[in-house]
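The values are calculated or read from the model by the stated rules, or taken from the named source; none is laboratory data. As the structure is a prediction and not an experimental result, all values here were calculated from the model. Cβ: placed from backbone, ideal geometry, glycine included. Neighbour counts: every protein chain shown. In case anyone asks, the SASA skips ligands and DNA or RNA and just uses the protein heavy atoms, side chains included. Shrake-Rupley method; radii C 1.70, N 1.55, O 1.52, S 1.80 Å.
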Amino acid sequence: MKFFIDTANLAQIREANELGILDGVTTNPSLMAKEGIKGYDAIMNHYKTICEMVNGDISAEVISTDFNGIIEEGKKLAAIHKNIVVKVPMIKDGVKAIKWFTDNGIRTNCTLVFSAGQAILCAKAGAAYASPFIGRIDDIGWDGVQLIEQIKHIYTVQGFKTKVLAASIRNPNHIIRCAEVGADVCTCPLDSILGLLKHPLTDIGLAKFLEDAKKTL
Ligand code: G3P
């Protein structure tokens, strides 16, 4: 399973990258706004900076919702860097745009996927990634990881090449469960990635080793 970080915060991207386990970055308009990135040029420059920091796929989201607008925006985003993947919402014009991008050699990440049916549609259109939002599904009392498992099963039996990118990760257990059910990618906040490190017995064990090591000096 690949690890992407789900943020537009450069310090967090740097920290995850320095850990040596980062395979890519996903962003969205909410994450860009959270960092105070404002205006077309600033947004394009921010994506360029991320592409220069991380050697992996970088998802950059369109904000148009009509076919022509999505295409025009997506072409400009894709021109920033070869690693840009154009993030397109799961709407009717989005599906049409994903097909157009696929036919024109531009890779896409279909975002706001909440059902197996939506995942089938974006795979048929040729999306490189489908992004089911598992945390938001859990929030309304359903099981997000179960959806990842279902989509992965469908893609496998049908031979779709689209990668299942688990998004809206809330905690380390989400990452572990996504790995269990075969997600191709998990895009996570830095806290959830670092949460995988933690175990009280590791801390207790290390303290004891360091204490005992003093006896050997
Ligand atoms: O990038 C899309 C997704 O990961 C958003 O997560 O936490 O806003 O549900 P969240």
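In segment 87-217, a dipole from Cβ-located charges (positive for Lys and Arg, negative for Asp and Glu) runs towards its positive end, and of Thr216, Ala179, Leu112 it is Leu112 whose Cα lies farthest in that direction. Overall, segment 1-67 carries a charge dipole of about 100 debye about its Cα centre when +1 sits on the Cβ of Lys and Arg and -1 on the Cβ of Asp and Glu, all other atoms neutral. One Cα centroid belongs to segment 141-172, the other to segment 112-126; the line between them spans 11 Å. Taken about its Cα centre, the chain carries a charge dipole of about 340 debye when Lys and Arg each add +1 at the Cβ and Asp and Glu each add -1 at the Cβ. Counting Cα-Cα pairs of the chain in 10 Å increments starting at 0 gives whole-percent bin shares of 8, 32, 34, 15, 5, 4, 1, 0. Rolling a 1.4 Å probe over the heavy atoms of the protein chains gives segment 139-217 an accessible area of 64 Å² per residue. Qualifying trypsin sites (Lys or Arg not before Pro) in segment 1-95, where qualification requires a DSSP coil assignment and no more than 13 other C-beta atoms within 10 Å, comprise Lys38, Lys82.
Shown in residue order for segment 25-35 are the 3J(HN,Hα) couplings computed by the Karplus curve 6.51 cos²θ - 1.76 cosθ + 1.60 at θ = phi - 60°: 9, 10, 10, 8, x, 5, 5, 5, 4, 4, 8 Hz (x for Gly and Pro).
Other residues with beta-carbon under 13 Å from the beta-carbon of Gln158 carry, at +1 per Lys or Arg and -1 per Asp or Glu, a net charge of +3. Contact order for segment 166-206, expressed relative to its length and based on alpha carbon pairs under 8 Å spaced 6+ residues apart, stands at 45 percent.
Counting only Cβ charges, +1 for Lys and Arg and -1 for Asp and Glu, the dipole size of segment 32-124 around its Cα centre is about 180 debye. Set the Cα radius of gyration of segment 102-211 against 2.2 N^0.38 Å, with N its number of residues, and you get 1.29. The residues neighbouring Leu121, those whose beta-carbon lies less than 13 Å from its own, together hold a net charge of +3 under the Lys/Arg +1, Asp/Glu -1 convention.
For segment 65-170, applying the loop criterion from DSSP together with a ceiling of 15 other beta carbons within 10 Å to the GluC sites (Glu not before Pro) yields no site. Over the chain, Cα pairs under 8 Å with separation of 6+ residues give a relative contact order of 17 percent.
The residue list Trp100, Val145, Asn68 was ranked by how far each Cα lies along the charge dipole of the chain toward its positive end, using unit charges on Cβ atoms, and Trp100 comes out on top.
Relative contact order of segment 117-217: 24 percent, from C-alpha pairs under 8 Å at least 6 residues apart in sequence. Consider all pairwise Cα distances in segment 32-138 and report the whole-number % of them above 25 Å. I get 19 percent for the Cα pairs in segment 32-138 exceeding 25 Å. Other residues with beta-carbon under 14 Å from the beta-carbon of Gly205 carry, at +1 per Lys or Arg and -1 per Asp or Glu, a net charge of -1.
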